[in-house]
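A short worksheet on the structure shown next.
The values are calculated or read from the model by the stated rules, or taken from the named source; none is laboratory data. A quick note: this is a predicted structure, and the numbers were derived from the prediction, not measured. We place every Cβ from the backbone using ideal geometry, glycine too, and count neighbours over all the protein chains shown.
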Amino acid sequence: MDLNTRKELFSYAHIHAVASVAGFSVQLKSRPMDSAGLDLLIEMPGSLETGTVAYPKFEAQVKCTAVQSIIKEDTINFPLEVKNYNQLRISNPMIPLILIVVLVPENLDDWAEVRDTETIIRKCAYWISLKGCDTTANTDKITVRIPRDQIFSPDALSQIMTKIANRQEL
């Protein structure tokens, strides 16, 4: 299996692990939707007690990289194709959209470690909503700056779902 396919599958597994801990369902999108820039759907199998929207959900485009130079002090500076940027920045999606960037070590053997007492997956994922972002004159790629405190964790995922359930911006 080629490395890019491994990155894609590993990133989905990472997201599945985070979502399962938070109690949410993850579904891979169909090939036509993947071609449209949406890789998966994450949803809550129920409602939040405090939310105004039942069954909150969002769709995500997922990227995976081992490039370490994108990690800065306060941000992850991810080079995103303009086509994908434009798909994610639309201001009126039916379902909220986010970008999830999964970082992995450069060495494939370091991505996961399994022992009888623990399973460790390395490194982590970050998320950002690009809804309403400005247009760009770029034609190839645009650098998306994801705050380093926006780690895609079970707690962060729960907060995202709470905001969606209360019709708040991400």
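Quick one: which of L103, L130, L170 is within 30 Å of G46 (Cα to Cα) and modelled with pLDDT of 95 or more?
From the options L103, L130, L170, the qualifying one is L130.
Conditions tested, residue by residue: (1) aromatic (F, W, Y); (2) touching a Gly at 6+ places or on another chain (Cβ under 8 Å); (3) surrounded by 13 or more Cβ atoms within 10 Å (Cβ to Cβ).
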residue: L3; (1), (2), (3): no, no, no
residue: A13; (1), (2), (3): no, no, yes
residue: S35; (1), (2), (3): no, no, no
residue: L41; (1), (2), (3): no, no, yes
residue: V62; (1), (2), (3): no, no, yes
residue: D74; (1), (2), (3): no, no, no
residue: Y85; (1), (2), (3): yes, no, yes
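Taking the criterion of being touching a residue at least 60 places away in the same chain (Cβ under 8 Å), over 13 Å from the mean Cα position of the chain (by Cα) and surrounded by 14 or more Cβ atoms within 10 Å (Cβ to Cβ), the residues of region 15-33 that qualify are A22, F24. Can you pull out every residue in region 26-58 that is among the acidic types (D, E), closer than 18 Å to D155 by Cα and not in a loop (DSSP other than H, G, I, E, B)? Residue satisfying the conditions is E43 alone. Within region 87-102, identify whether any single residue is over 26 Å from N138 (Cβ atoms), in a helix (DSSP H, G or I) and more than 17 Å from the chain's Cα centre (by Cα), and answer yes or no. The answer is no; no qualifying residue exists. Is it fair to say T162 is within 27 Å of P45 (Cβ to Cβ), among the β-branched types (V, I, T) and not in a strand (DSSP E or B)? Yes, satisfied.
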